[in-house]
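Let me begin by presenting the structure, written as structure tokens, before commenting on it.
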Amino acid sequence: MMSILQSEFLKYKRTFTRRLILLAPLFFIFVALPQKLFMPADYLRPWQLILDLVFNWWPVVFIPMGLALFSALTASQEKKAGNYRSLRVRDISPAHLWIAKVVIMSFHMLISTLVLIGATVISGLITGSGSIPWFKIFAGGLTTWIVSLAIIPLQLWMATWKGTSASIAMGFLGLIAGVVAAARPYWVYVPWSWPTRLMSPIIGVHPNGTLLESASPLLDASVIPKGIIISVVSLLIFTFITAVWFNKMEVR
């Protein structure tokens with residue numbers, strides 16, 4: 001299994017996919033900085049403004065659309081390399097290969113999250129004042145990463161099954177569904193809403209991007225462990241189901 005993981009990791013070397021992973025977090029910071037600079041100084045606490053922008057847009061926009069594009073590029077790369085024909089002549093389990101893909105994509109998403117955390121801190125040091133809210137930055141970044149992992153096998157499945165257009169369409173529908181469901185009681189049934197919903201108690205921002213009032217029920221922190229548990233269990237279930245599908249697809 002380790003050799004499969006190493007092989008999957010090397011596939012991303014010097015590719016646009018890896019550049020996307022590294023540059024995407026910087027894009028959101030570059031968008032956030034001008035708005036921070038032109039806001040009245042007393043409108044919001046400097047750090048709070050940056051956190052509201054970054055950790056609302058990140059789960060709302062990048063998670064669904066970024067993972068859709070990431071999955072599409074991964075599937076397209078495999079098709080260009082022979083569409084898994086090598087599996088027919090090598091003793092490699094298709095299911096293991098699928099799991100390795102999910103693991104490596106999850107690892108690259110972690111790298112992207114760490115870049116986001118670093119860029120957030122740097123931008124705050126340049127334009128903000130006061131102490132750095134380390135807990136909110138790390139909690140927001142790492143929680144978003146954990147609860148977004150369950151989307152990876154779903155998007156990779158769609159990209160492998162139906163191609164790039166279907167993957168992007170699925171990501172766009174996930175974006176809309178995530179925003180709509182995040183503030184509703186049924187948010188637990190929509191994987192794309194999980195990162196956005198959990199940012200409410202951590203960052204104090206509504207899924208629509210506005211600040212939450214102190215009495216808002218969305219500030220209830222009990223959803224954090226609940227969301228993490230649901231997302232981890234869903235990741236295992238989705239990965240298993242899609243791995244079985246991929247294994248059958250390769251056998252045919």
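The values are calculated or read from the model by the stated rules, or taken from the named source; none is laboratory data. What you see is a predicted model; the values in this text were computed from it and never measured. Neighbour counts run over all protein chains shown; Cβ positions are idealised from the backbone, glycine included.
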Total residues in segment 204-216, condition exposed (fewer than 10 other Cβ atoms within 10 Å of the Cβ) and within 17 Å of residue 193 (Cβ to Cβ): 0
One residue is enough: does segment 113-128 have a residue meeting the conditions touching a residue at least 60 places away in the same chain (Cβ under 8 Å) and assigned to a loop (DSSP other than H, G, I, E, B)? yes
Picked from segment 1-53 (must be β-branched (Val, Ile, Thr) and either modelled with pLDDT of 80 or more or under 20 Å from the mean Cα position of the chain (by Cα) (or both)), the residue surrounded by the most Cβ atoms within 10 Å (Cβ to Cβ) is 50
Does segment 193-209 include one or more residues that are under 30 Å from residue 94 (Cβ atoms) and touching a helix residue (DSSP H, G or I) at 6+ places or on another chain (Cβ under 6 Å)? yes
Filtering segment 88-100 down to residues that are surrounded by fewer than 16 Cβ atoms within 10 Å (Cβ to Cβ) and either modelled with pLDDT of 90 or more or assigned to a helix (DSSP H, G or I) (or both) yields 88, 96
Given the criterion over 18 Å from the mean Cα position of the chain (by Cα), of a type outside the set (A, V, I, L, M, F, W, C) and within 19 Å of residue 51 (Cβ to Cβ), identify the matching residue among 222, 214. 214
Quick one: which of 218, 235, 211 is modelled with pLDDT under 95, out of contact with any His (no Cβ under 9 Å at 6 or more places or on another chain) and within 22 Å of residue 138 (Cα to Cα)? 211
Which listed residue is buried (at least 20 other Cβ atoms within 10 Å of the Cβ), closer than 14 Å to residue 54 by Cα and touching a residue at least 60 places away in the same chain (Cβ under 8 Å), from 199, 109, 158: 199
Looking at segment 166-207 only, could you name the residues that are part of a helix (DSSP H, G or I) and over 24 Å from residue 239 (Cβ atoms)? 176, 179, 180, 185, 199, 200, 201, 202, 203
Looking only at segment 185-196, filter to residues that are without any contact (Cβ under 8 Å) to a residue 60 or more places away in the chain and within 21 Å of residue 62 (Cβ to Cβ); which one of those is surrounded by the most Cβ atoms within 10 Å (Cβ to Cβ)? 194
Selection from segment 9-27 of residues that are in contact (Cβ under 8 Å) with a residue 60 or more places away in the chain and not small (Gly, Ala, Ser): 9, 11, 12, 15, 17, 18, 21, 22, 25, 26
Select from segment 116-147 the residues that are of a type in the set (A, V, I, L, M) and under 25 Å from residue 229 (Cα atoms) and write down the one among them that is surrounded by the fewest Cβ atoms within 10 Å (Cβ to Cβ). 142
Of the residues in segment 161-184 that are under 16 Å from residue 57 (Cα atoms) and among the β-branched types (Val, Ile, Thr), the one that is surrounded by the fewest Cβ atoms within 10 Å (Cβ to Cβ) is 176
Could you list, in sequence order, the residues of segment 54-70 that are surrounded by 24 or more Cβ atoms within 10 Å (Cβ to Cβ), of a type in the set (A, V, I, L, M) and more than 19 Å from residue 183 (Cβ to Cβ)? 54, 67, 68
